[in-house]
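These notes are about the structure you will find just below.
Derivation of every value follows stated rules applied to the coordinates shown; laboratory data play no part. What you see is a predicted model; the values in this text were computed from it and never measured. Neighbour counts run over all protein chains shown; Cβ positions are idealised from the backbone, glycine included.
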Amino acid sequence: RPALRGSYEDLFHETGLSRFWIDLRGAGQIGVLQQRRIERAIGVIYRPESERLSHYFHARLPEQFDAIIHIDETRAVEPLERTGVWDSGELPETYPFKV
C-alpha cells in the first residue's frame with residue numbers, strides 16, 4: 001500500500017529516488033526531518049482495515065535513529081526452501097488463537 005500523506009515514508013517517496021540513505025546525526029539543519037510526522041511500523045501482523053491506527057505512530061526520526069535507509073519499492077522475500085514446493089497463496093489466519 002502507498003504511504004499515508006504526511007508520513008516520513010510519503011516524504012521520502014516524493015523525492016523520486018528509488019533508494020537512498022540519510023545520516024540523521026547531523027539532521028538538525030534539515031528542518032523537514034525535525035518535524036513530527038507519522039511513521040509506519042512494519043511488524044508481524046498487518047491489518048489493512050485499521051492501518052492508520054494499527055501501523056502508524058508519531059515520531060521525529062532524528063530522535064529515534066542515527067541513520068535511515070529508504071528503499072521505495074520492496075516485495076516479500078521467498079524462503080530458500082521451506083518445503084519442497086513454493087506456495088504463493090495467503091497463509092491462514094493464526095492470530096491470536098489458531099497457532
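Structure notes:
- Per-residue Cβ neighbour rank within 10 angstrom, fewest leading, 37, 52: 52, 37
- Column: log10 I(q)/I(0), Debye, Cα scatterers of the stretch 8-71, q = 0.13, 0.20 Å⁻¹: -0.39, -0.87
- Each of residue 36 and residue 81 was given a label point 7 Å from its Cα along the Cα-to-Cβ line. The distance between the two points is 5.2 nm.
- Extending 7 Å from Cα along the Cβ direction at residue 47 and again at residue 21 yields two label points whose distance is 3.5 nm.
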